[in-house]
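Each remark here refers to the structure printed beneath this line.
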Amino acid sequence: MKQVYLDNAATTRVRDEVIEKMHSALANCYGNPSSTHGFGRTAKTAIETARKTIAKYLNAQPSEIIFTSGGTEADNMILRCAVRDLGVDTIITSRIEHHAVLHTVEELESECGIKVCYLKLLPDGNPDTDHLEELLMQEKGKILVSLMHINNEIGNKLDIQTISEMCRDNNALFHSDTVQSIGHYPWDVQKTPIDFMTAAAHKFHGPKGVGFAYIRKNSGLKPMIVGGAQERGFRAGTEPFHNIVGLEEAFILAYDQLEKEQEYISSLKEYFIKSVKEAFPKAAFNGLSGDMENSTYTLVNVRLPISQEKALMLLFHLDIKGIACSKGSACQSGSDGGSHVLSELLSPEELKNPSLRFSFSIYNTREEIDYTIEVLKEFSKDEKAPMIT
C-alpha cells in the first residue's frame, strides 16, 4: 500500500543527517554536561556551540537561548514567569492560539486573577489590529501580548513586524508562539522587537522532546523549573545532549537550504490547491490557507463538499489508503470537541462540511498529491451534499 505523509504541521520526518549526528552523540559523548571532567566538558562544549549557532541565525545573543523540552514548555514558562516575575496583570491574545497558550492563559486568569482580553478576529482569521491598538491604549498596568506567528491549523501569517512595533510603542511585552515558523522563515530579533519566542525541533526535521525559548536579555524572568544550575540557572535538569545536537543539526540544515526548500514546498502547495479546485469546484479553503502570499507555504486547510454523515469516515478512509493528514492540530486528536480555531471562524452550516489540514515537506512529491486527490474523489463519488461558502 502506498504511504503518503501529509501531516508535517504535526511533526516532521527526522533528517538522515540529524539521526547520524544524534547516534554519534549517544555512542561517543555520554558525559553529564554538568560534570567537570573531560567527558562532561565535551558535552557541555557541544551544547554551548549549539546555543551559539541558534543565536547567530536569529541575530540574538547566546544567553537569550534557553533549551526546553519543546514549544509547550517554552510557552508555559514565558507566560507564567511573566505574570509571576514581571508583574503582568493583563494578557491580550486571541481565541485561535495553540492550546499551549490558551490553556495557560486560562489557568493564569483563574489562579492569579489576571485580566485576559481576546482580540476580535477578521473574517479571514487574522487578528483585528485596530482592536489591538484600542486595547493597548485603554488597558492599564503591565500588558503582555501573545499571538502566534503562523497559525498551526489555518496557516495564516501574522504581520509580526507591525504587531511587535505596536507593542513596543505602547510599552507592552510581546510573546509569539513561533513553533510553526522557526526553521521555515528567517528571523532577526534585532530588527523585530519581539521579547519572547518559542521553537520545537520536530517541526523542522529534528527530534521530538527538545526545543528552545528565546528570551530577550535582561527580561527579568526567573526559572520555572528549579533544581540544578543548568541552562545558566534558568532551567534545571540534566540537558538531553543528544537531542540538543540533533536540534542544532536540523536548524543548520533548515536555514542553509531555506530558499531552495521554500521554493519546492511552495510549488507542492500551489499544485495541491490547483488540484483540489479542479477536483472539487465547491471546495473552500479555511482562513487564508489557500492564499499563497498571506499564509505559510507549508499547509492548507480545505473544506470539502462532503456530507456530515459521510465525513465521519473520511479520515479513517484516508488512513486505510495510507494517507496521513489531520482534522485539526495533532494536539487535539482523540477530542470530540473539534477544532477550536475553525469553530471561531466558520458558521454552524460551514462546520457541517469536513475540513482537513494537509501539510507538506521536502519529502513529499506531486505524485503523492495526485494519489491523495484521487482517493478523495473516489470517496466523495456520487456525493450530493450542498457546499456552504
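The values are calculated or read from the model by the stated rules, or taken from the named source; none is laboratory data. Note that the structure is a prediction, hence the values are computed from the model and not measured. Reconstructed Cβ throughout: ideal geometry from the backbone, glycine too, with neighbour counts over all protein chains shown. Side chains are part of the model used for accessible areas, which takes the heavy atoms of the whole protein and leaves out ligands, DNA and RNA. Shrake-Rupley method; radii C 1.70, N 1.55, O 1.52, S 1.80 Å.
If we keep just the residues of the stretch 343-367 that are within 24 Å of the chain's Cα centre (by Cα) and assigned to a helix (DSSP H, G or I), which is modelled with the lowest pLDDT?
Going residue by residue through the stretch 343-367, those that are within 24 Å of the chain's Cα centre (by Cα) are 343-346, 351, 354-365.
Those still in the list that are assigned to a helix (DSSP H, G or I) too: 343-345, 351.
Details: SER343: 95, GLU344: 95, LEU345: 96, LEU351: 92.
Going through the qualifying residues, I end up with LEU351.
Among the residues of the stretch 159-180, is there at least one that is touching a residue at least 60 places away in the same chain (Cβ under 8 Å), under 14 Å from the mean Cα position of the chain (by Cα), part of a loop (DSSP other than H, G, I, E, B) and closer than 20 Å to ILE265 by Cα?
So in the stretch 159-180, the residues touching a residue at least 60 places away in the same chain (Cβ under 8 Å) come out as 172-173, 175, 177, 179-180.
Those left that are additionally under 14 Å from the mean Cα position of the chain (by Cα): 175, 177, 179-180.
Remaining after also requiring part of a loop (DSSP other than H, G, I, E, B): 179-180.
Next cut, closer than 20 Å to ILE265 by Cα only: 179-180.
The answer is yes, given that some residue of the stretch 159-180 is touching a residue at least 60 places away in the same chain (Cβ under 8 Å), under 14 Å from the mean Cα position of the chain (by Cα), part of a loop (DSSP other than H, G, I, E, B) and closer than 20 Å to ILE265 by Cα.
For (1) out of contact with any Leu (no Cβ under 8 Å at 6 or more places or on another chain); (2) farther than 26 Å from ARG357 by Cβ; (3) modelled with pLDDT of 95 or more, each residue gets a yes or a no:
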| residue | (1), (2), (3) |
| --- | --- |
| MET1 | yes, no, no |
| ALA9 | no, no, yes |
| THR53 | yes, yes, yes |
| THR68 | yes, no, yes |
| ARG84 | yes, yes, yes |
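Of all the helices (runs of 4 or more DSSP H) wholly in the stretch 226-342, which have at least 3 residues that are open to solvent by 30 Å² or more (accessible area, probe 1.4 Å) and touching a residue at least 12 places away in the same chain (Cβ under 8 Å)? Show your work before the answer.
Numbers: elements: 241-256, 258-279, 308-311, 314-320.
Hits in the stretch 226-342: 241-256, 258-279.
On the given criteria, is ARG95 of a type in the set (Lys, Arg) and either crowded, with 23+ Cβ neighbours inside 10 Å or assigned to a helix (DSSP H, G or I) (or both)?
Values: of a type in the set (Lys, Arg): yes; either crowded, with 23+ Cβ neighbours inside 10 Å or assigned to a helix (DSSP H, G or I) (or both): no.
Here the answer is no, as ARG95 does not meet what is asked.
Read through the list (1) of a type outside the set (Asp, Glu); (2) open to solvent by 40 Å² or more (accessible area, probe 1.4 Å); (3) in contact (Cβ under 8 Å) with a residue 40 or more places away in the chain, then give the number of the only condition that HIS37 fails.
Only one criterion is unmet by HIS37, namely (3).
Can you tell me how many residues within the stretch 293-309 are under 23 Å from MET1 (Cβ atoms) and modelled with pLDDT under 85? So that I can check it myself, show each step before the final result.
Kept after step one, since they are under 23 Å from MET1 (Cβ atoms), are these residues of the stretch 293-309: 304, 306.
Right, trim to modelled with pLDDT under 85 and you get none.
The qualifying residues number 0.
Of the conditions (1) surrounded by fewer than 16 Cβ atoms within 10 Å (Cβ to Cβ); (2) outside any helix (DSSP H, G or I), THR12 fails just one. Which one is it?
Here THR12 clears every test but (1).
Out of the residues in the stretch 105-131 that are acidic (Asp, Glu) and assigned to a loop (DSSP other than H, G, I, E, B), which is nearest to the chain's Cα centre (by Cα)? Quick ask: steps written out before the conclusion?
Here is the first cut: in the stretch 105-131, the ones acidic (Asp, Glu) are 106-107, 109, 111, 124, 128, 130.
The next check asks that each one be assigned to a loop (DSSP other than H, G, I, E, B); those that pass are 124, 128.
Working: ASP124: 19, ASP128: 21 Å.
Within the stretch 105-131, the match that is nearest to the chain's Cα centre (by Cα) is ASP124.
Yes or no: MET77 under 28 Å from ASP188 (Cα atoms), open to solvent by 10 Å² or more (accessible area, probe 1.4 Å) and either touching a residue at least 12 places away in the same chain (Cβ under 8 Å) or out of contact with any strand residue (DSSP E or B) (no Cβ under 6 Å at 6 or more places or on another chain) (or both)? Explain how you work it out, then say what you get.
On the way: under 28 Å from ASP188 (Cα atoms): yes; open to solvent by 10 Å² or more (accessible area, probe 1.4 Å): no; either touching a residue at least 12 places away in the same chain (Cβ under 8 Å) or out of contact with any strand residue (DSSP E or B) (no Cβ under 6 Å at 6 or more places or on another chain) (or both): yes.
No, not satisfied.
Out of all the residues in the stretch 65-73, is one or more open to solvent by 10 Å² or more (accessible area, probe 1.4 Å) and acidic (Asp, Glu)?
yes
Taking only the stretch 210-222 into account, find how many residues are in contact (Cβ under 8 Å) with a residue 40 or more places away in the chain and in a loop (DSSP other than H, G, I, E, B).
Quick first cut of the stretch 210-222, residues in contact (Cβ under 8 Å) with a residue 40 or more places away in the chain only: 210-217, 219-222.
Okay, now just the ones that are also in a loop (DSSP other than H, G, I, E, B), so 210, 216-217, 219-222.
Count: 7.
Search the stretch 96-124 for residues that are without any contact (Cβ under 8 Å) to a residue 24 or more places away in the chain and pair each with any residue that is part of a helix (DSSP H, G or I) when their beta-carbon atoms are under 7 Å apart and the residues are at least 6 apart or on different chains.
From residues that are without any contact (Cβ under 8 Å) to a residue 24 or more places away in the chain, the pairs are LYS120/HIS131.
Suppose we keep only residues that are in contact with a Gly (Cβ under 8 Å, 6 or more places away or on another chain) and not in a helix (DSSP H, G or I) within the stretch 66-87. Which one would you say is nearest to VAL145 (Cα to Cα)? Lay out the reasoning, then the answer.
So the first thing to find is which residues in the stretch 66-87 are in contact with a Gly (Cβ under 8 Å, 6 or more places away or on another chain), and the list is 67-71, 73-74, 85-87.
Still in the running and not in a helix (DSSP H, G or I): 67-70, 87.
Values: PHE67: 23, THR68: 22, SER69: 23, GLY70: 21, GLY87: 14 Å.
Restricting to residues being in contact with a Gly (Cβ under 8 Å, 6 or more places away or on another chain) and not in a helix (DSSP H, G or I), the top hit is GLY87.
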